[in-house]
Structures are given as structure tokens and as C-alpha cells.
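Asker: What follows is a single structure, and I will ask about it in a moment.
The values are calculated or read from the model by the stated rules, or taken from the named source; none is laboratory data. Model, not experiment: these values are computed from the prediction. Note that each Cβ is placed from the backbone with ideal geometry, even for glycine, and that neighbours are counted across all protein chains shown.
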Amino acid sequence: MVNWPQLAAWARGRGVVLAGLVLIVAQLIWKSFFLGHFYFWQDDFHLTELALSHSFSWGYLTTVVAGHLLPGVNGLVWVVARLSPYDWALASAVTVVLLAGAGLAALRLLRTLFGNRPAILVPLIVYLLCPLTMPDIRWWSAAIESLPLQIAIFMALNAQVHYVRTGRFGHAVAAAAWLLFGLAFFEKALIVPLLLLGVTSGFLMEGPWLRAIGQCLVRYWQAWLLQVAVLAGYAVVFATSLHTSSVQPETPGTASGAFTFISKIVKNTFVPGAIGGPWQWLATSNAGYAYSAPPPALTWLALIVAAAVIVASIWSRRHAWRAWAILAGWLAAADVAPILLGRALELGPGVLGLETRYVADAVPVLAICLGLAFWPVAGKPDAASRRWLVVSGGQLGNVGTGQLGRTAAAGLVGAFVIGSVWSVQSFENVTTSAPARTYIANARTAVGETPAGTVIVDSRVPAALMIGAFGSYASASAVVRPLESAGSAARIHWTTQPDGTIDRLMVFGSDGRLHRAAIYGPGSVPFPTTRRCQPVRHRRSIVRFTFPTFPGTRVLHLAYLAPVAASGRYLTVSYGSQRQVLAVQAGLHSAYFPERGSVDSVTLSGPAIAAGLCVGGVQAGIIAPSSNGPVIPAIF
């Protein structure tokens, strides 16, 4: 029989932990529904293609992708891709597991720093619900970079606090190990030692901060030496692997561009997001993603609220400014400097400054610093606190952090929660992954049903999946190939330029379905003729186009019917100054020739013509799906 009084007493003794676990589970459910709204996007496809084209080796793990050394990410993608490529349910499950780990790590650190006081639920709520992290988890490759880093931030600092309190070197080793874990997934972990130094010297030691920093470096030199060794090892691996990256560091932007970026990332992105914004979003043209776009009035309100919180914390606690300095330092070192050095010229500082993904890693630091600004560290005297002076009953009295502070805090937390839910729902309303999900579903079916002998012309996938900046990785062959089984791969042949007799030439449409290839080229239709075959005079046929073919022509198509007598004989095709030869096959077929430039006519000659070859329709232009746009059907 359940002893309810005893169970109630046990729960009361662990109320803060239980409340924290309930919050973590609730946000996991919320974010699971959020993830169900999305699908793979951009780098997700690139990393999957990379994983399936490599064995699990050190060379693959240390491949630098777009300037990033991500062995942990590469390894995780390799496993998921081998289990089930493009399985969003599996990928989302990985994200949810990482979210659970990050939430538990946050709760553990807050208990370590501040004890089991109910107040730690406030920074926990800020971390769990902050909208700044939501676009980050929508993008799977970004989620598996950022979430392990967030876990590393919490756990490395937790180990550091235990090391300072106990002096046990094992905790210093654990802090270095968590640093290494963070670096395996995101190079921003390079800033973690500075965060540990700032918190240790600013809140775990006594005296002026500068002097405390010096004492901290000397007293805990073994821990810092371990972390420096980890950073040095990472730098060596990165330097030796950088040659594998197709993207090299860029030249920093102008001073005005840097100011624009910093202004946008702080005023329009981080500060509104930190209090539950941005409330509205600016979606990309294909609605696959959205940028922070808070209304001007709410932007200024967010700055006022943030300033009020900072002033209130500094007024109530002398050392609170140190917490905000640590947060500002993280933003500058981890989120601003790398963008200015590496991506300032990519999209422009104005757009980059609205990208919440760049400051998602600052949310755990925000939660930590919020706690340090308002509450004393457990086990240390509260000598840094001040008392608030307020008017009560017509007289000046000492209230401390009493009812006024609790009421204000409750109001702010309530507004934060409501704003966060509103902001996340707004993000869902303006974004969609339907085109990418549909494309992959249709492509999976298409490659499974395609008969033997099919030749597919490679083409760019829609921007809803990958933008052209990915180069060859954004081609249909690269994106679709992971969907091919051994059987379908044997039946399908990919080509970038069809050449020769090809009777079943197909191309992927924007919907992921395979369409019969057709030639698009205004003015490339031959003169109408009452005969089914092009006229032949003096053993050659001159096909004149109604208008000159356009300069962007890439392919010439002709349909032919060859009698047995013409089989194996050659047809010479003269397109301007270019001459190509085709070995004719008996029967009804289609032939393709790579051509360039504009011409008025094409000349057909050779033994096959003399043997009775009948040439039907002739078109010149570019290849497109037959159901898309004003195409010219490649019919006989």
C-alpha cells in the first residue's frame, strides 16, 4: 500500500528538483511538436551526402565542412545516415535526446551553483523556453552542433565549481573532458575556458575582480593547463585538416558593416529574444527559414526591460555587473567576432544580424549569468547583496528582495513565457518544410519504381532543399542518391550531359517526381513539313529552324527511325562549326548531342542517311522536365 504522507514528505523535500524535471519534460513535448512541423534543410542534405560517400575514418571525421571542424557532428550524421537516410523521425529523436541532456545539465549546474532554492527555476525557464534556440533546433545540422556545446557549457562549469570547492583534480579532468566534448561538435567551445575563468574569479573567489583573476590563474593552474592542452590539440587538428575545406576564411568587412551587424544582433535579435521575442519573423523567399524581425516599438520596449533588469540586479547586488560583463564577453567572443571574420561578406551584415542561430549558444550563458546576477552562490556568504529602499506606508523602509521583487519577477517570467510561446508559434506560421518533405518522398518513390535503362539528367534541386552555393552538393544526383537501393542504383544512370542514343531520358522536377526530359528553346522548332521525315537531297538533310537557336543552347535532340539496313552506320550532325557522329541503332530512338551557340540550321549527312534513315523532330535548347514551363516536347 502506498504511504501517501511519506510520499508527500519525500516530494516536498525534492520539490525544486521535481519541478525542474516537470519543466524539462514539458519543454521536450513542446519542442517535439515543433520539430514535427519541419524537415531536413540545406546543410542537412550536404552532411548526409558526405557521410554516405565516406567510410567511418579519421579522415572523414576531421573533414572541415565550410570552415568548421566538426568530428562529433560528422560521426553522429554518419550513424544516422547509415541507419536510415533522410529519416526525420530518427533525426528528431536525436535532437530530443540532446535537448533532454541539455535541460538536465542546466538543472544540475543551477543546483550546484545556487542550491535547491526555488529561484533556480527562473533561469531554468529562461533557458528551456527562450525562442532564440528554436530556429536552431529546426535546422538539424545546427541543432547537433549547438546542443552538445550547450551541454558542454553547463557540465564543464559544473565540474569547475566542484573542483574549486573540493580541490579534487578529477573534477578538473572532467571540465577538460567536457571542453573536448564541446569542441568535437562546435568550435565555439574555444570560448568555454574564458567563461569558466570569468565565473570562477568573479563569483567563487573574493576581492577585486582583476586581482581575483590573477589569483585564480595561479591557484588553479593545473586545470587551466589541461584546458590549454585541449585547445592546442584542437588547433593542431584543425590546422592540418583545413585544406579539406572548400571555404576559406574571408576578409573582414568594413567598420560600418561591423557596426551594423553588432547593432542588429544585439538590438534586434538577442535582447528581444532574451525576454521572449522577437514576436514576429521575416521568412525567406521559400519559407524554409525565418529571421528575427521584432516590431520597432517592441524592440525598444525589450531594450528598456533589459536595462531595467540589469540596473535592478546591480542595485541589489554589488557584483551583479560581473555577470552581465561575462555575458557580453561571450557574445563578443563567440557570436560576433567569428561572424565578422568568417561570414561578414556572405549575406551582408544587416541580414546576418537578424540570424538567431548565431546567438543560440548564448542562451545557456544568459541563464547562468541571470542567476549569478540575482542570487548568491551556494556555500558563500551573501556579502555582495544590498537592500532596496522603497516607500511603504508613507515611510522609508528596508524591504530587501521581498514582495515587490517577487511580484516584479513573477510578472516578467509570465510575460517571458507568453512571449516565447507567441514567438515560436509565429515562427511556425511563416515557415514550412513541405516542399522539401514532398520532394524527398516523391524522389524515394521515383527511384524505387524507375525501370532499367533509365538515364537521369542531373540538375539543381530546388532552393527549398539546398541553395546553389553548395555547388555540386546541391545537384539532384547528390541529394537523391542516398535514397537509392542497390537494385535501383543498378537500374539508373546519371548524366550531366546526354550524348548519343538515349530512349528513356528523364529529369527530376521541382516536386521530386521524375519527368520525361524535353528540350526548351524558343525558335528551335524546325520548319513544318507534310512529311514525317526531314527531306533528304543529295544524301544529306538540312533542317532549318524557324528562328535561330538561342546562344544558351546546351543540347540538340533528334528523333529517328532506322531500318535494319542503317543499323550500325554513322550519322554526321553538323551544328555550326561543330561536327559530331552517331552510331545509328535499328528502330525508333532518340539521340542527343552536346552543342553550344546559336545557328540557323543543322545538317545531317553520312552513310546512315544514304541507307534510309528517317529523322523526325529536331530541337535545340536546354533540358527541362516536360511538365514544367513552355517546353518543346521531344516527339518524333
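Asker: Restricting attention to helices (runs of 4 or more DSSP H) lying wholly within region 422-510, give those where 3 or more residues are modelled with pLDDT under 90 and more than 19 Å from the chain's Cα centre (by Cα).
Answerer: 486-491
Asker: Related question: Quick one: would you say ALA608 is modelled with pLDDT of 90 or more, of a type outside the set (Asp, Glu), under 28 Å from GLY509 (Cβ atoms) and surrounded by 21 or more Cβ atoms within 10 Å (Cβ to Cβ)?
Answerer: No: the conditions fail for ALA608.
Asker: Which one of LEU588, LEU556 is in a strand (DSSP E or B), among the aliphatic types (A, V, I, L, M), surrounded by fewer than 16 Cβ atoms within 10 Å (Cβ to Cβ) and at negative phi?
Answerer: LEU588
Asker: Residues to consider are GLY75, GLY67, GLY115; find the one that is out of contact with any Pro (no Cβ under 8 Å at 6 or more places or on another chain) and within 23 Å of GLY182 (Cβ to Cβ).
Answerer: GLY75
Asker: Follow-up question, since we're still on this one. Return the only residue of ALA172, ALA189 being over 20 Å from the mean Cα position of the chain (by Cα), in a helix (DSSP H, G or I), in the same structural domain as ALA328 (by TED's automatic domain parsing) and in contact (Cβ under 8 Å) with a residue 24 or more places away in the chain.
Answerer: Selected residue: ALA172, the only one of ALA172, ALA189 that is over 20 Å from the mean Cα position of the chain (by Cα), in a helix (DSSP H, G or I), in the same structural domain as ALA328 (by TED's automatic domain parsing) and in contact (Cβ under 8 Å) with a residue 24 or more places away in the chain.
Asker: Name the residues in region 200-216 that are part of a helix (DSSP H, G or I) and in contact (Cβ under 8 Å) with a residue 12 or more places away in the chain, would you?
Answerer: THR200, SER201, GLY202, PHE203, TRP209, ILE213, GLN215, CYS216 - these are the residues of region 200-216 that are part of a helix (DSSP H, G or I) and in contact (Cβ under 8 Å) with a residue 12 or more places away in the chain.
Residues checked against (1) of a type in the set (Val, Ile, Thr); (2) within 30 Å of VAL480 (Cβ to Cβ); (3) part of a helix (DSSP H, G or I):
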| site | (1), (2), (3) |
| --- | --- |
| ASN74 | no, yes, yes |
| ALA81 | no, yes, yes |
| ASN116 | no, no, no |
| ILE137 | yes, yes, yes |
| ALA142 | no, yes, yes |
| GLU145 | no, yes, yes |
| ILE153 | yes, no, yes |
| LEU157 | no, no, yes |
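Asker: Taking the options LEU225, LEU180, LEU197, name whichever one is in contact (Cβ under 8 Å) with a residue 40 or more places away in the chain and assigned to a helix (DSSP H, G or I).
Answerer: After applying the criteria, what remains is LEU180.
Asker: For region 53-61, check the following and say yes or no: at least one residue is touching a strand residue (DSSP E or B) at 6+ places or on another chain (Cβ under 8 Å) and not in a helix (DSSP H, G or I).
Answerer: No.
Asker: Separate question: Working carefully through the options ALA93, ALA89, ALA102, ALA159, find the one that is surrounded by 17 or more Cβ atoms within 10 Å (Cβ to Cβ) and under 21 Å from LYS31 (Cα atoms).
Answerer: ALA102
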